[in-house]
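Please treat every number below as a calculation from the coordinates, not as lab data. The structure displayed is predicted, hence computed values, not measured ones. Ideal geometry is used to build each Cβ from the backbone, glycine not excepted, and the neighbour counts take in all protein chains shown.
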C-alpha cells in the first residue's frame, strides 16, 4: 500500500472563502463537501462554534 505524503495546505483550486475546506479535503483524501457541511452544521448553534475553528485554521494552515 502506497501512502501519499501530502502537506496540509489551503487550496487555490478548490476554494470558496479561504481554501481551508479544500485543503483539508486534499489532505485527508475525501470530498470537500463533507468539511463544508461540518462547518455549516457547526454554525447553526450560534455561529461561534463554526467560525472560530475556521478562522484558526485559516491562520494556521499555510497557502498552497
(Q) Need one number: nm distance between label points at residue 12 and residue 43, each 7 Å from Cα along Cα→Cβ, rounded to one decimal. (A) 2.6 nm
Q) Could you give the angle, 0 to 90 degrees to the nearest 10, between helix 32-43's Cα long axis and the longest principal axis of the Cα atoms of the chain? A) 20 degrees
(Q) If N is the number of residues in the chain, what value comes out of its Cα radius of gyration divided by 2.2 N^0.38 Å? (A) 1.14
Q. Over the chain, what is the relative contact order in whole percent, taking alpha-carbon pairs under 8 Å and six or more residues apart?
A. 34 percent
(Q) How tilted is helix 48-60 with respect to the longest principal axis of the chain? Cα atoms for both, answer in degrees (0 to 90, nearest 10). (A) 40 degrees
Q: Only helical DSSP H runs with n ≥ 4 go in: add -39500 (n - 2.57) per run for the chain, normalise by residue count and round the 222 nm mean residue ellipticity to 500 deg cm²/dmol.
A: -16000 deg cm²/dmol
